[in-house]
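The values are calculated or read from the model by the stated rules, or taken from the named source; none is laboratory data. Treat the numbers as computed from the prediction; the structure is a model and nothing was measured. Backbone-built Cβ (ideal geometry, glycine too); neighbour counts: all protein chains shown.
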């Protein structure tokens, strides 16, 4: 995996989760993209790109939001080669049973708690 894309809730603050993804990706030299209209409201190092460019370049898309955000991410994934990861909610930070340095995300969330 070389590129992770993020689809964010249009209003909810997902900066903690975005920070966790950026830290995880940086430790693995993985590039992180965000849709320009969504990612610009956060002060982060993700590259702002169009939805179409994210669709072309991403190996994995992380949907950070609710059902509507997931549906937008799934539309981007339609007929593409990447998977979509959907944490159950847009958390302030993503927590796992093992620290990010030990392989997060190892398996996609089922969307259940």
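The residues of region 44-80 that are surrounded by fewer than 18 Cβ atoms within 10 Å (Cβ to Cβ), in contact (Cβ under 8 Å) with a residue 40 or more places away in the chain and not in a helix (DSSP H, G or I), listed by number, are 59, 66. When residue 108 is tested against (1) at pLDDT 50 or above; (2) at negative phi, only condition (1) is not met. Taken together, the criteria exclude residue 20 from residues that are in a strand (DSSP E or B) and modelled with pLDDT of 90 or more. Within region 21-43, the set of residues being closer than 23 Å to residue 67 by Cβ and crowded, with 19+ Cβ neighbours inside 10 Å comprises 21, 33, 34, 35, 38, 39. Considering region 81-94, and only residues there that are out of contact with any strand residue (DSSP E or B) (no Cβ under 8 Å at 6 or more places or on another chain) and surrounded by 15 or more Cβ atoms within 10 Å (Cβ to Cβ), the residue that is modelled with the lowest pLDDT turns out to be 94.
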